[in-house]
Amino acid sequence: MKWNLRLAAANRGIWKASEMRRLLAARGLEMSTGKMSGLWSGTPSVLRPEELDAFCAVLGCEIADLVTAEPETVPAPVEAEDMTQKAAGGDAVAGRRITPKPRTGRSLPPR
């Protein structure tokens, strides 16, 4: 997913994260400076629905204006043949089975 908050805000004449934060506070969404900075400068890892609603209300936009799907970034599905070879324990590189070595002796201290 691509996060387009800055573009959506710029289209409405909002150029600073602090201005956006004030507008959100006027709508009842208090956001810390750090969180607003993270949302302004990067892609959020977590975004609550009420935050998304507040952004849309302040900017007068739809969710599609804030978030763009990027399906081409999703890895292609694994072929069924590859899955059966991995399940059988085959090594695709050398064509041999990998067996773990037995543990002997004492364990290592924690790092």
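Against the definition (assigned to a helix (DSSP H, G or I), at pLDDT 90 or above and either in contact with a helix residue (DSSP H, G or I) (Cβ under 9 Å, 6 or more places away or on another chain) or among the acidic types (Asp, Glu) (or both)), how does residue 8 come out, yes or no? It is true that residue 8 is assigned to a helix (DSSP H, G or I), at pLDDT 90 or above and either in contact with a helix residue (DSSP H, G or I) (Cβ under 9 Å, 6 or more places away or on another chain) or among the acidic types (Asp, Glu) (or both).
Taken over the range 13-26, the residue count meeting the criterion of being surrounded by 14 or more Cβ atoms within 10 Å (Cβ to Cβ) and part of a loop (DSSP other than H, G, I, E, B) is 1. Contact annotation: residue pairs with Cβ atoms under 6 Å, 6 or more positions apart or on different chains, pairing a residue in the range 1-27 that is touching a residue at least 24 places away in the same chain (Cβ under 8 Å) with a partner that is surrounded by 14 or more Cβ atoms within 10 Å (Cβ to Cβ) and of a type in the set (Asp, Glu), are 8/65. Please specify each residue of the range 28-60 satisfying the condition of being exposed (fewer than 13 other Cβ atoms within 10 Å of the Cβ), more than 16 Å from the chain's Cα centre (by Cα) and free of Cβ contacts under 8 Å to residues at least 40 places away in the same chain. Scanning the range 28-60 gives 28, 30, 32, 33, 34, 50. Checking every residue in the range 88-101 against the condition of being among the hydrophobic types (A, V, I, L, M, F, W, C), at negative phi and modelled with pLDDT of 90 or more gives zero matches.
The values are calculated or read from the model by the stated rules, or taken from the named source; none is laboratory data. These figures come from a predicted structure and were not determined experimentally. Positions of Cβ are backbone-derived with ideal geometry, glycine not excepted, and every protein chain shown enters the neighbour counts.
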